[in-house]
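Below: the structure, in structure tokens.
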Amino acid sequence: MKAPDKRCCGSGVCIINDAGECWCGQVWDGEKMTAPSFNSQRNANQNQTEDPTALKPEK
């Protein structure tokens, strides 16, 4: 069995991906698990790569 992740918030059920994001929504900030920032780097990168000319569903 794998050793528990040291980044776990203490609940014992954390599943943290390589980006430091837990399934519960918390994010590793380098010191501890915290609530995600609305201005996260991941969201900024996603917005830059989104194609504004991509087809959108009709309403």
Looking only at residues that are charged (D, E, K, R) and either loosely packed, with under 10 Cβ neighbours inside 10 Å or in a helix (DSSP H, G or I) (or both) in the range 1-31, which one is modelled with the lowest pLDDT? LYS2
Restricting attention to the range 32-52, which residues are in a loop (DSSP other than H, G, I, E, B) and at pLDDT 85 or above? LYS32, ALA35
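The values are calculated or read from the model by the stated rules, or taken from the named source; none is laboratory data. Predicted model, so just to flag it, every value in this text is computed and none were measured. Note that we place each Cβ from the backbone using ideal geometry, even for glycine, and neighbour counts take in every protein chain shown.
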